[in-house]
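The values are calculated or read from the model by the stated rules, or taken from the named source; none is laboratory data. Keep in mind that what you see is a predicted model, and the values were worked out from it rather than measured. Quick reminder, even Gly has a Cβ in these numbers, built from the backbone with ideal geometry, and neighbours come from all protein chains shown. Quick note on the areas: whole protein, heavy atoms, side chains included, nothing else; ligands and nucleic acids left out. Shrake-Rupley method; radii C 1.70, N 1.55, O 1.52, S 1.80 Å.
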Amino acid sequence: MKGIVFAEFLDLVENKFGLEMVDKIINQSNLKSQGAYTSVGTYDFSEMLQLLQNLSNNTGVSTDNLLLTYGEHFFDVLKQNYGAMLSSYKDPISLLSSVESHIHVEVKKIYPNAELPTFEVLEKSKSKLIMIYKSSRAMYNFGLGLMHKTFEYFNASAEIVLEKIKEDGTEVKFLITKN
């Protein structure tokens, strides 16, 4: 997993829970990196799992809710760093439906070794999008947070329903209906 994902996660933890919490979850985790992440570095996903679990244990917030909040936070990072790409889209459905064919292609140019989830579009219309998320990391709530902020970015709203295709969350169907 790319270091930018870790660095931004720790930034979110500091903003929401304080620097002491960042130190606490790093110290409670068995991290090969010792919690020092560079945005272009690559780190083992198990480190993210440890940080998430320790944050959840210390705050009482579920890992699903933490991932959702983190996805919302990460959208703001994307908006700040890649606003021109986001502004090339006219609506949230077109942006979300192009994750695989455009956005992930651009991410791979910057981070060639990035292991990204896949998003298969099953159905798309002006107000509806059905996608299948697949990732061994099962971070679908991170994706859900990104989707929420995508609609907010376009001053729109939607009902987003997720259905686990695989119980472990490695394959999830998103049913998105724009309001």
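All of Asn65, Asn57, Asn141 fail the test of being more than 24 Å from Ile165 (Cβ to Cβ) and not small (Gly, Ala, Ser), apart from Asn57.
Quick grid of which residues meet (1) out of contact with any strand residue (DSSP E or B) (no Cβ under 9 Å at 6 or more places or on another chain); (2) in a helix (DSSP H, G or I); (3) not aliphatic (A, V, I, L, M):
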residue: Leu67; (1), (2), (3): yes, yes, no
residue: Tyr70; (1), (2), (3): yes, yes, yes
residue: His104; (1), (2), (3): no, yes, yes
residue: Glu123; (1), (2), (3): no, no, yes
residue: Lys126; (1), (2), (3): no, no, yes
residue: Tyr133; (1), (2), (3): no, no, yes
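If the condition is being among the polar types (S, T, N, Q) and open to solvent by less than 20 Å² (accessible area, probe 1.4 Å), then the range 142-167 contributes only Thr150. Inside the range 74-99, residues that are more than 14 Å from Asp11 (Cβ to Cβ), open to solvent by 60 Å² or more (accessible area, probe 1.4 Å), of a type outside the set (Lys, Arg) and part of a helix (DSSP H, G or I) make up a count of 3.
Conditions (1) within 15 Å of the chain's Cα centre (by Cα); (2) more than 17 Å from Phe75 (Cβ to Cβ); (3) among the hydrophobic types (A, V, I, L, M, F, W, C), marked per residue:
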| site | (1), (2), (3) |
| --- | --- |
| Glu100 | yes, yes, no |
| Asn113 | no, yes, no |
| Leu116 | yes, no, yes |
| Ser135 | yes, yes, no |
| Leu146 | yes, no, yes |
| Ala156 | no, no, yes |
| Thr170 | yes, yes, no |
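On the stretch given as the range 34-73, residues that are modelled with pLDDT under 95 and open to solvent by less than 30 Å² (accessible area, probe 1.4 Å) total 2. Just to be sure, is Glu115 at negative phi, at pLDDT 95 or above, of a type outside the set (Ser, Thr, Tyr) and open to solvent by 60 Å² or more (accessible area, probe 1.4 Å)? When the stated conditions are applied, Glu115 does not pass them. The residue that is most open to solvent (accessible area, probe 1.4 Å), among those in the range 168-179 that are under 20 Å from Thr63 (Cβ atoms) and either in a strand (DSSP E or B) or not polar (S, T, N, Q) (or both), is Asp168. Can Met1 be described as buried (at least 18 other Cβ atoms within 10 Å of the Cβ), touching a helix residue (DSSP H, G or I) at 6+ places or on another chain (Cβ under 7 Å) and modelled with pLDDT under 95? Judged against the criteria, Met1 is a match.
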